[in-house]
Every structure is written in C-alpha cells, then in structure tokens.
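The values are calculated or read from the model by the stated rules, or taken from the named source; none is laboratory data. Treat the numbers as computed from the prediction; the structure is a model and nothing was measured. All Cβ positions, glycine included, derive from the backbone under ideal geometry; neighbour counts span all protein chains shown.
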Amino acid sequence: MHVIQCDLPSGSALRGDAIRNAYFHDSYRAKLARPELGIVDIFFALFGYTPLWMKVLLIVRNAAAKVFGLEAPTVGEIMKPTVRREYCVGEKIGPWPIFFIADNEIVAGRNNKHLDFRLSVLKAMEGDTASVVVSTICTVHNVYGKIYLFLIVPFHRHGVRSLISNAVVAKRL
C-alpha cells in the first residue's frame, strides 16, 4: 500500500498545544520517490491535482458553509489554485491561508466560529528515506463543529488517502 496512517511527526509545527487541544487529528505517510522536491512542489503534487468529483463536493460544502456565515474558499480557488514558487505566512496556498512555512513543512488552514483546522504537509527524513506526511488537526468551538466533523470525517479520510495515493501512482512525489 502506498499510504499508511501514522502518528503526527515529532518535528511538526502542529506539535504542542495544537495537538493537545485537537478534537480530531490524523496523519498519513507515503514514501517520496522524488526526495529532491521542495515543500511547495510536494504541496501542489498532492493538492494541485484534485479530481473533479472532489472539487464539486468542496464547492457544494463551501456554498453551504457560506450560508451559515463561515469563511470558505471561492470557486476559483478550488477549481484553479494559483501556483507560485515561493510563499510566506499570511498568503494563501491553494485555497488556504498559510500559518507556518519552513523548508520542510507548510501549515495552512482556516479559523471559523465552529471550528479551526490546520493542514500540515511535512517532508520527513528517516535515514536515507524521504517521506511526505499529511496531517490534519481540528479544534472545535461548539456543538456545530462536532456535528460538522461527524459528517465530514469519513469523506476527509478517504479524500486525503486518495490524493496521496494518486500522487504516488502518478510519480509526482
């Protein structure tokens, strides 16, 4: 199997309070056949090739979120994300604002009144083996955040695994 569930890497920026306060978290790892890739290239190898069916689900979800006054990406950010070589904290990468960026990790996400989420894409080295670890952490603020996660987590798990596996099979990673 290309993708395995794992623990949040000890070197991740999501360690500490973020993981301790999380209502939900998960992490998935895959080996990198292309260890020379930079973290921005790895991010877009994963999230720059989202299948149309997944984009449509995200657009529908975002339309519903906006009805409830939640901030969500635009259709354009979902359908055709802007790709640049360099990013910094506060800018958007794909549809999400960046909260942390280093040579080996990008943490992006969004804060909303029901929940906050963070997505980490981390390039990890274990000896001579390079891997990518994609981690998600959600902190809920109320019962609506818990209900949302109850409904979305099965789709999230399948979607993240699919994105990573597709990138590995296509030799983008």
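Structural remarks
- Subset of segment 1-25 (residues that are among the acidic types (Asp, Glu) and closer than 20 Å to residue 97 by Cα): 17
- Looking across segment 113-150, the residues that are among the polar types (S, T, N, Q), out of contact with any Ser or Thr (no Cβ under 7 Å at 6 or more places or on another chain) and touching a residue at least 40 places away in the same chain (Cβ under 8 Å) come down to 129, 131, 136, 139.
- Filter pass, residue 23 being closer than 23 Å to residue 94 by Cβ and not hydrophobic (A, V, I, L, M, F, W, C): no
- Close pairs (7 angstrom Cβ cut-off, 6 or more residues apart or separate chains): touching a residue at least 60 places away in the same chain (Cβ under 8 Å) in segment 85-112, of a type in the set (Phe, Trp, Tyr) and part of a strand (DSSP E or B) anywhere: 107/99; 107/100
- Unmet criterion (only one of (1) at pLDDT 85 or above; (2) closer than 21 Å to residue 153 by Cβ; (3) surrounded by fewer than 12 Cβ atoms within 10 Å (Cβ to Cβ)) for residue 63: (1)
- Taking the listed residues 108, 102, the one that is surrounded by fewer than 17 Cβ atoms within 10 Å (Cβ to Cβ), farther than 19 Å from residue 158 by Cα and at pLDDT 85 or above is 102, with no other qualifying.
- Looking across 63, 72, 33, one residue alone is farther than 25 Å from residue 123 by Cα and over 18 Å from the mean Cα position of the chain (by Cα). It is 63.
- Members of segment 113-140 that are in a loop (DSSP other than H, G, I, E, B) and either buried (at least 18 other Cβ atoms within 10 Å of the Cβ) or modelled with pLDDT of 95 or more (or both): 114
- Residues in segment 37-52 that are loosely packed, with under 14 Cβ neighbours inside 10 Å and either of a type in the set (Phe, Trp, Tyr) or at pLDDT below 95 (or both): 49, 51, 52.
- Residue in segment 151-172 that is surrounded by fewer than 12 Cβ atoms within 10 Å (Cβ to Cβ) and small (Gly, Ala, Ser) present: yes
- Residues located in segment 16-32, provided they are over 24 Å from residue 45 (Cα atoms), surrounded by 15 or more Cβ atoms within 10 Å (Cβ to Cβ) and of a type in the set (D, E, K, R): none
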